[in-house]
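The values are calculated or read from the model by the stated rules, or taken from the named source; none is laboratory data. These figures come from a predicted structure and were not determined experimentally. Glycine also receives a Cβ, built like all others from the backbone with ideal geometry; neighbour counts cover every protein chain displayed.
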Amino acid sequence: MRRLLLTISIAAMLAGCGSGPSSVRAAIKPVSARKQAPDFELKDSTGKVVKLSDFKGKVVLLNFWATWCGPCKIEIPWFVEFEQNYKDKGFVVLGVSMDEEGWEIVKPFIEKHKINYRLVIGDDATAQKYGGVDSLPTSFLIDRQGRTAAVHIGLVSKGNYVSDITQLLDGSGAGSGAKGAD
């Protein structure tokens, strides 16, 4: 019985933190099906206002996450790597922490995990702009024109992210929606 409970707990942790669907990977949408990603104004750790529209012209991985979310912790090293590997190609990771405690808990987490990408503190209003983020992590891949090209809910493989990012960076994700769901 304990083994069954442990297996269920691990599966739940890997699937995502929240009440929404888990591990949903959407294909890159055709350009004609993409909608403008909602803009927002949130503050980073230095108090500077960050707007999504500041990144127009870049491919953006917009990641809603929290310090207490197990699958989020799995993705963070990937995002650190993506920021390093693709930043010179017009790519940026922007993390939106949904931690209610705010910077008090997020700043030490940034240092501990050596996060090299921009983070802001989100709120329910920001999540609602994106259709209500019911599960963490939830990531939106946004094309160079500021349109939502794909949404990943729950833990998605690193390879899927790499494929989608490279498609958007080289323009091959602009057509008919390259790949299906896992």
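Does V133 fit the bill of being surrounded by 21 or more Cβ atoms within 10 Å (Cβ to Cβ), in contact (Cβ under 8 Å) with a residue 60 or more places away in the chain and closer than 16 Å to F40 by Cα? Give the steps one after another, and end with the answer.
Details: surrounded by 21 or more Cβ atoms within 10 Å (Cβ to Cβ): yes; in contact (Cβ under 8 Å) with a residue 60 or more places away in the chain: yes; closer than 16 Å to F40 by Cα: yes.
Yes, satisfied.
Consider region 117-147. How many of its residues are out of contact with any Lys or Arg (no Cβ under 7 Å at 6 or more places or on another chain) and under 21 Å from N160 (Cα atoms)?
So the count comes out to 10.
Quick one: in region 125-144, of everything that is in contact with a Ser or Thr (Cβ under 8 Å, 6 or more places away or on another chain) and assigned to a loop (DSSP other than H, G, I, E, B), which residue is modelled with the highest pLDDT? Full working, then the answer.
Filtering region 125-144 for residues in contact with a Ser or Thr (Cβ under 8 Å, 6 or more places away or on another chain) gives 130, 134-135, 140-142.
From the residues that got through so far, the ones that are assigned to a loop (DSSP other than H, G, I, E, B) too are 130, 134.
Numbers: Y130: 95, D134: 91.
The qualifying residue modelled with the highest pLDDT is Y130.
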